[in-house]
Amino acid sequence: MPRAPARPAGRGAANSFQAPAAADGRAGHGPAGTSVYVYGAEWRGGGGHLDWHGAAVAFGLIFLAELGDKTQLATLMLSANGRRPVPVFLGAALALVVVTLISSLLGDVVGRTLPVRMIHTAAGLGFLVLGGLLISGRL
């Protein structure tokens, strides 16, 4: 039986969600009725499954955003200079995983601490500053 989508836990609850009731009427407690919603991915306890839709969306957006960026160009140059693509790939992949893990954990802490509007405003201003620095040639 399909579950209803998660609802925000309350006003100002940026990343906390309440699990919908289990199919057997329980309120989402216990191994068979546990549902956890995190950024569009759903994990159902008790041998459940991970809904990969959120992961696929994140992959698509990050993949498109990273095409032609400085990291990709640096990886291309390292591989071209050393003619050893496997170690370059492994090093670049490990670095990306570590940076992404740090960003995800930091984002979770910031998302629990600050209002979403403040986070969006700070991110927008940060991008404007970086854009200005790039256009002016200072970065």
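Tabulated data
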read-out	value
So Ala122, is it surrounded by 11 or more Cβ atoms within 10 Å (Cβ to Cβ) and either within 18 Å of Leu73 (Cα to Cα) or in contact with a Ser or Thr (Cβ under 6 Å, 6 or more places away or on another chain) (or both)	no
Sole residue being among the hydroxyl-bearing types (Ser, Thr, Tyr), at pLDDT below 50 and under 24 Å from the mean Cα position of the chain (by Cα), chosen from Thr34, Thr100	Thr34
Residue list for the range 78-97, filter: loosely packed, with under 11 Cβ neighbours inside 10 Å and modelled with pLDDT of 85 or more	Ala80, Asn81, Arg84, Val86, Leu90, Leu94, Val97
Residue within the range 6-21 that is at pLDDT 50 or above and in a loop (DSSP other than H, G, I, E, B) present	no
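The values are calculated or read from the model by the stated rules, or taken from the named source; none is laboratory data. Values in this document were obtained by computation on a predicted structure and should not be read as measured data. Quick reminder, even Gly has a Cβ in these numbers, built from the backbone with ideal geometry, and neighbours come from all protein chains shown.
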